[in-house]
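The structure under discussion appears below in the form of C-alpha cells.
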C-alpha cells in the first residue's frame with residue numbers, strides 16, 4: 001500500500017476514488033473476498049459494495065454492514081460495527097482490493113492478508129455440474145480435536161438442496177454455535193467458512209460414505225482436526241445442566257459500573273424484580289447474538305418488572321479499555337439495561353465472582369433470578385439465529401419462563 005489516494009463518493013453505478021492522480025472505479029455489487037490464513041489455506045466470504053461506498057459482509061442469511069470508510073494515509077479503513085476489528089486496503093484496479101484484516105482484540109500486530117475480486121460466484125472451487133457433488137444435507141455427530149485430551153463434541157447441521165452443491169449451516173457446541181456458515185461441496189469434499197469481524201472460521205473435510213474427516217481453522221492462530229458421522233438423533237448435553245448452583249447462598253457480587261462506581265448485588269433497586277445476569281464479553285459473537293435477543297426481551301418485559309445486568313469480561317490492558325469496549329457495544333445497539341465491568345476476559349475470574357456456581361465455562365452464561373431472589377435457571381452458551389429452529393425454540397421457552405416468573 002504505497003499509493004496515496006483521496007476518496008470521492010459517487011451516486012452512480014461505480015464508486016470512485018483518485019490514487020496517485022489516477023481515477024480508480026470500484027464496481028458496485030458482490031465481490032469474492034479471501035483471508036489468506038497461510039500459504040495454502042484461504043478463507044472466502046462475500047463482500048458487497050453498495051451506494052455511498054458502503055461495505056457489507058455476507059455469510060448465508062447474515063448481513064453485516066461495516067462502518068463508513070475512512071481514508072488514512074494511503075489506505076481505506078472500514079471497521080466492523082460490533083467488534084474491535086477492521087479491514088484496511090488499497091485498490092489499484094477497479095475490480096481488485098488488497099490489504100489486511102486487523103483484529104485489535106488479539107493485539108495491533110494480529111493481521112491477516114486480505115484480497116477481494118469483483119464478481120459473484122461460489123466461495124470455493126465448484127464442479128461444472130453441481131449435481132455431481134457429494135451430499136451432506138442433514139444432521140451430523142461431530143468431534144473436534146478427536147482422540148486428544150481436548151476433544152469436544154458438536155452437532156453439525158447442514159442444509160443442501162437436492163441437485164445443488166451449495167451448503168449452509170452451523171455447528172452447535174456445548175458453549176454456543178459457530179454462527180452462519182456458507183460454502184459448497186465438490187464430488188468428494190465439503191468446504192464451509194464464516195467471517196464476521198471476530199470469527200474467521202474455515203472448515204474443510206473429505207467425505208467417504210457417511211463420514212467426514214477434515215480440518216478446522218480459526219484465523220491464523222489455531223487449527224485442529226475434526227470428524228463427523230451422519231446421525232439424526234445425536235444431542236449435546238442440556239445447556240441448563242452444564243453450569244449449576246452449588247449452594248443456596250444466592251448470587252452476591254461487588255463490581256464497577258462503566259464509570260467506575262461501586263455496584264453491589266443484591267440491592268434495593270432490584271429487590272422484588274426478575275433479574276437476568278448475563279456473563280459476557282463484547283468480543284464474543286455468541287454474546288452479541290444473546291444481547292440482541294435480550295434487547296427485545298427487555299423492551300417487552302421491563303415495564304412488568306424485568307431487569308438485565310450484563311457483566312463484561314473484556315480484552316485490553318486496563319479498566320479504561322474494558323469499559324470502552326462495553327460502552328461501544330452498548331451504544332451501538334442502543335441498550336438500556338445495566339452494564340458492569342467484570343475485568344479481563346477470563347472464565348476463572350468470572351468463576352471467582354460467581355462462587356454460587358460450580359464454574360463458569362462459557363461466555364456467555366446467564367443466571368435467571370426470580371422475584372424471591374432465588375436462582376431459577378442457569379444457561380450456558382447461546383445458540384443464535386444461525387441455528388434456526390434451536391434458536392426459535394430457545395426464544396419461545398425463555399419468553400415463557402420470564403412471563404411465569406413475572407407472574408409469581
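For this structure, a couple of remarks:
- Ranking of 45, 382 by count of other Cβ atoms within 10 Å, fewest first: 45, 382
- GNM remark for the chain: springs join alpha carbons under 10 Å apart, and the peak mean-square fluctuation among 324, 344, 232 falls on 232.
- Global size of the stretch 253-406: 14.6, 42 Å for Rg and Dmax (C-alpha atoms, Rg to one decimal, Dmax whole).
- Between helix 285-301 and the chain: long-axis angle, C-alpha atoms, 0 to 90°, nearest 10: 50 degrees
- Between 0 and 90 degrees, the angle of helix 389-406 with respect to the longest Cα principal axis of the chain falls at about 30 degrees.
- Shape of the stretch 324-408, Cα gyration tensor, a/c cut at 1.5: rounded
- C-alpha long axis of helix 319-333 to longest principal axis of the chain, angle in °: 80 degrees
- Note on the stretch 117-193 and the stretch 333-408: Cα centroid distance 29 Å, given to the nearest whole angstrom.
- Within a Gaussian network of the chain (alpha carbon springs, distance under 10 Å), most fluctuating of 148, 365, 173: 148
- In the stretch 253-406, the DSSP beta bridges split such that about 55 percent are antiparallel, to the nearest 5.
- Shape category assigned to the chain from the gyration tensor of Cα positions, a/c cut at 1.5: oblate
- Judged by the gyration tensor of its Cα atoms, with axes a ≥ b ≥ c, the stretch 63-166 is oblate; a/c meets the 1.5 cut and b/c is at least as large as a/b.
- Each listed q (0.11, 0.12, 0.16, 0.21 Å⁻¹) maps to a log10 I(q)/I(0) for the stretch 182-316 from the Debye sum over equal C-alpha point scatterers, namely -0.67, -0.77, -1.05, -1.38.
- GNM on the chain, alpha-carbon springs under 10 angstrom: the most fluctuating residue among 67, 229, 150 is 150.
- Fewest-first ranking of 379, 96, using other Cβ atoms within 10 Å as the exposure measure: 96, 379
- Based on the Stokes-Einstein relation at 25 °C and a viscosity of 0.890 mPa s, and on the Kirkwood radius from alpha carbon pairs, the stretch 121-201 is assigned a translational diffusion coefficient of 181 µm²/s.
- Difference of contour (0.36 nm per residue) and Cα-Cα distance, residue 149 to residue 231: 27.2 nm
- Estimated FRET transfer efficiency (residue 52, residue 93; beta-carbon r; R0 25 Å; 0.05): 0.70
No lab work stands behind these numbers, since they all come straight from the coordinates. All values derive from a computational prediction rather than experimental measurement. Note that each Cβ is placed from the backbone with ideal geometry, even for glycine, and that neighbours are counted across all protein chains shown.
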